[in-house]
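Every number in this text was worked out from the coordinates using simple rules, so none of it is lab data. It should be emphasised that the depicted structure is a prediction, and the values quoted were computed from it without experimental measurement. Neighbour counts run over all protein chains shown; Cβ positions are idealised from the backbone, glycine included.
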Amino acid sequence: MLDNNQLLRFTTAGSVDDGKSTLIGRLLYDSKSIFEDQLEAIENTSKQKGHVGVDLALFTDGLRDEREQGITIDVAYRYFTTPKRKFIIADTPGHIQYTRNMVTGASTANAAIILVDARHGVIEQTKRHAFIASLLQIPHVIVCINKMDLVDFSEEAYNKVIGQFEEFSSKMLVRDVRFIPISALLGDNVVNRSDNMTWYQGAPLLHTLETMHISSDINKVDARFPVQTILRPQSEEFRDYRGYAGRVAGGVFRKGDEITVMPSGFTSKIKTIDTFSGEVEEAFAPMSVSITLEDDIDISRGDMIVRSNNKPEALQDIEVMLCWLNNSPAKPGAKYTIKHTSNDQKAMIKQIVYKIDINTLNRSSEAIEIGMNDICKVKIRTTKPLLVDNYRENRTTGSVVLVDDATNETVAAGMVV
Amino acid sequence: MSKYYLNYLDELESEAIFVLREVWAQFQNPVILFSGGKDSIVVTHLARKAFYPSKIPFALMHVDTGHNFPETIKFRDDLIEDLGVRLIVGSVQESIDQGRVAEEKGKNATRNALQITTLLDAIENHKVDCAIGGGRRDEEKARAKERFFSHRDDFGQWDPKNQRPELWNIFNGKHFEGEHFRVFPISNWTEMDVWNYIKREKIEIPSLYFAHEREVVWRNNSWIPNSEFLKLEEGEEIFKKKIRFRTLGDITITGGIESDADTVEKIAQEVSAMRQTERGNRTDDKRSETAMEDRKKQGYF
């Protein structure tokens, strides 16, 4: 593996029948990421359950309940590596009752694979998956039109699905959509180019994943550095050292940059950018570094260092697209802890602007309750300003979660609009 | 802008450092669970990087089954001295002596499950609210569903069906008195990533990982090392073999593989060609199909 190989995270959403497990199994198997003892264990279980052949779904289902019921419930993470890239698959269930798991898997993904059965074309579930990909701003969407072997590898069937997809997705904001006709079962256009579909000029799926440009998926323009913790060694060698530790959440910071600390508004210059291996000239997202400043100013966790000529908004009233993740519905007027980068504040849901039916994308402004898996636009008021960017500009500084103080559970995820 | 991207190891490292710093910011009394195995060594190395130039602000906690490889203990003590951090030892032997747990009987008896009680006792006695572990999602199917920040109730139990959703890199470590968290900074690393990182960072690891001559016996499809705890069964025979260990657990249950790999480079090469998972030689995982999930629910590492 070469030293400059990148990491690509992608999500797959799908239900039992659309071949998702077969596709993942094929990617892992053909990249030699399934080990013999794992295959043996799956073979044994398949036999016990009376399945014909090896049931690759067993490989993706980890928990006892999932194996018993034969469904994916939680997000499962899978790993494989090719000579070009390392991949992390967030394998999520496709059914509507698991919307929250799809949202979770989508939150860190560079790419989403949406599977469409060539025989059935775009169905409700396809729309749901595409909507979640756009809501979570997954930079790349790959629509795999699967089971092409069952429609005689017909170009017409393929084009029909593209037409359907483009029609309903025109209202969504998806930056990069590609279509690949595949047969996960037979392997056509998954790892190897298909001999059965010579009319398809594009790359197979794996090659697409290996080569798509992902360096620009992270915002490299608006410099943002949420302070996680302060490093004060107070040792002989580093007596006066005061480093602000954090992970760059956007843009590039350089030694000598004029910076502003928010929310206090104090300004200074970057003196050094430090790592264990030594000083660096610049730091960009998503590097973890420690920054020292020319001036001694009061900074604590939750503050954000930004470049003085490019600041996020400090807002106490924010509008977010909220996905509810908890069994207990949102309580009107209840207070939650809102977590945003390294900053925790108290917050209250002031108003539900509308609720989205994620199958039809219709908006209903009569909604009065937010329950599990609901996606709503809401107005939130916080006790102190949050330093936010629009989620479309920055997935790190544009995202929040709500925690119920009564249970400490994470109850909602929000994207600043 | 093309030069502004990280390679996969740098990205994994940055993620782990971020997680370790979140632990420090969100908890009162975190510890690193240190087994002497490569994964906990890598986590400790990452902690050193995360807080440099400060010292690692956590103690290291070792659950000592008493069935150790002597090499592991020496390695642990040297590292503690080098880092200047505190060591907390939870002793399974003490738990047995105090009657907290009973030794397993029979041929395949191990102290593996007994560790759970010792670990939870140590966590409670030292008022630990976060135990950082080297668990990875690629290791085992139940671990594939594990969160970075994983909640444990006041009995130390894991409820896999009721885990907190974890989105972006916002981690929720809020908990009530008596509860604690397990945090896994290298969740997204594979065995291969760990070896490539050890190679790149030139991290010291115990000699047991390198091929060496050792007395072994063939049991449960792997080479179990001879030790004072080993009782030969009928038909079993001691051999002298050149072996190395892919994982380090108790000396009674950790099987070695025949190998000539005596450098990190050779190990990395060997691992990349392996067709068996590293835990394939761990008899503790073979007891049932959901052995890991069942132990984790009770509070296992």
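Tell me, how many Å apart are the Cα centres for segment A:282-302 and for segment B:14-71? So the separation of the two Cα centres works out to 23 Å. Taking θ as phi - 60° and the Karplus parameters 6.51, -1.76 and 1.60, the scalar couplings of segment A:393-401 work out to 8, 7, 6, 8, 8, x, 10, 9, 10 Hz in sequence order, x denoting glycine and proline.
With a 10 Å cut-off around each Cβ of A:332-341, the average count of Cβ atoms from other chains is 1. Estimated purely from DSSP H runs of n ≥ 4, each contributing -39500 (n - 2.57), the mean residue ellipticity at 222 nm for chain B is -9500 deg cm²/dmol once divided by its residues.
Going by a ≥ b ≥ c, the root eigenvalues of the Cα gyration tensor, does segment A:6-217 fall in the rounded group (a/c under 1.5), the prolate group (a/b larger than b/c) or the oblate group? Write down the numbers at each step before the final one.
Working: a/c = 1.37, a/b = 1.25, b/c = 1.10.
Taking the square roots of the gyration eigenvalues as a ≥ b ≥ c, segment A:6-217 is rounded.
For chain B, what is the relative contact order in percent, using Cα pairs closer than 8 Å and at least 6 residues apart in sequence? The partial results should precede the final answer.
Values: 497 pairs, mean separation 58.5, N = 301.
Rounded, it is 19 percent for chain B.
Work out the length of the dipole vector of segment A:261-325 about its Cα centre, built from +1 on the beta-carbon of each Lys and Arg and -1 on the beta-carbon of each Asp and Glu, and round it to the nearest 20 debye.
Values: 5 positive and 12 negative charges, 18 e Å.
Roughly 80 debye, rounded to the nearest 20.
Couplings 3J(HN,Hα) for segment A:264-270, derived from phi with the Karplus relation 6.51 cos²θ - 1.76 cosθ + 1.60 (θ = phi - 60°), are 5, x, 4, 10, 6, 10, 6 Hz, where x marks Gly and Pro. The C-alpha radius of gyration of chain A, expressed as a fraction of 2.2 N^0.38 Å, stands at 1.08. Helical runs (DSSP H, four residues minimum) scored at -39500 (n - 2.57) apiece and divided by the length of chain A put the mean residue ellipticity at 222 nm at -5500 deg cm²/dmol. Per residue of peptide B:140-147, the mean number of Cβ atoms on other chains within 10 Å of the residue Cβ is 6. Of the trypsin sites (Lys or Arg not before Pro) in segment A:348-412, which ones lie in a loop per DSSP and count no more than 16 other C-beta atoms within 10 Å? Of the trypsin sites (Lys or Arg not before Pro), the ones in loops of segment A:348-412 whose Cβ has at most 16 other Cβ atoms within 10 Å are A:Arg392. Shape summary: segment A:224-307 maps onto an equivalent ellipsoid whose semi-axes, from the alpha-carbon gyration tensor, are 18, 15, 12 Å in decreasing order. Taking the DSSP beta bridges with both ends in the protein assembly as shown, the antiparallel portion is around 70 percent.
Working from Cα pairs under 8 Å separated by at least six residues, relative contact order for chain A is 12 percent.
Rounded to the nearest whole angstrom, the semi-axes of the ellipsoid equivalent to segment B:144-301, taken from the Cα gyration tensor as √(5λ), stand at 34, 22, 13, largest first. The tail of the calculated P(r) for the protein assembly as shown beyond 44 Å holds 24 percent of all Cα-Cα pairs.
Pick out, in residue order, every one of the chymotrypsin sites (Phe, Trp or Tyr not before Pro) in segment B:126-197 that is DSSP loop and has at most 10 other C-beta atoms within 10 Å; say none if there are none. Before the final figure, lay out the partial values.
On the way: sites: B:Phe148, B:Phe149, B:Phe155, B:Trp158, B:Trp168, B:Phe171, B:Phe176, B:Phe181, B:Trp189, B:Trp195, B:Tyr197; in loops: B:Phe148, B:Phe155, B:Trp158, B:Trp168, B:Phe171, B:Phe176, B:Trp189.
Sparse-neighbourhood loop chymotrypsin sites (Phe, Trp or Tyr not before Pro): B:Phe155, B:Phe176.
Ellipsoid fit via the Cα gyration tensor, chain B: semi-axes of 30, 25, 18 Å, each the root of five times an eigenvalue, largest first. Hey, if you put +1 on the Cβ of every Lys and Arg and -1 on every Asp and Glu Cβ in segment B:158-248, which of B:Asn188, B:Trp223, B:Gln163 ends up farthest toward the positive end of that dipole? About the Cα centre, the residue reaching furthest to the positive side is B:Asn188. Normalised by 2.2 N^0.38 Å, where N is the number of residues, the alpha-carbon radius of gyration of segment A:140-299 equals 1.65.
When Lys and Arg each count +1 and Asp and Glu each count -1, what net charge do the other residues less than 13 Å away from A:Phe179, Cβ to Cβ, add up to? So the environment of A:Phe179 carries a net charge of -1. Taking Cβ atoms as reference points and 11 Å as the exclusive limit, the residues near B:Val92 contribute a net charge of -4, counting Lys and Arg as +1 and Asp and Glu as -1. Shape class for segment A:313-416, computed from the alpha carbon gyration tensor (a ≥ b ≥ c): oblate, with a/c not under 1.5 and a/b at or below b/c. Taking amide H atoms as placed 1.01 Å from N in the peptide plane, the amide H of A:Gly250 lies under 5 Å from those of A:Arg224, A:Ala285, each 5 or more residues away in sequence or on another chain.
Checking the a/c ratio against 1.5 first, then a/b against b/c, what shape does the Cα gyration tensor give for segment B:221-271? Cα axes put segment B:221-271 in the prolate bin.
For A:Arg381, neighbours were defined as the other residues whose beta-carbon sits under 9 Å from its Cβ, and their charges (Lys and Arg +1, Asp and Glu -1) total +1. Per-residue Karplus couplings for segment B:111-127, computed as 6.51 cos²θ - 1.76 cosθ + 1.60 with θ equal to phi - 60°, are listed in order as 9, 4, 6, 5, 4, 4, 5, 4, 4, 5, 4, 4, 4, 5, 4, 9, 6 Hz, Gly and Pro entered as x.
Could you work out the longest stretch of chain A that avoids the GluC sites (Glu not before Pro) located in DSSP loops with at most 10 other Cβ atoms within 10 Å? Kindly include the intermediate steps, with their values, before the conclusion.
On the way: sites that count: A:Glu236, A:Glu237, A:Glu281, A:Glu366.
It runs A:1-235.
Please report Rg over Rh for segment A:100-197, where both radii come from the alpha carbon positions and Rh follows the Kirkwood definition. If you can, show how the numbers build up before the last one.
Details: Rg = 13.3 Å, Rh = 13.7 Å.
That ratio equals 0.97.
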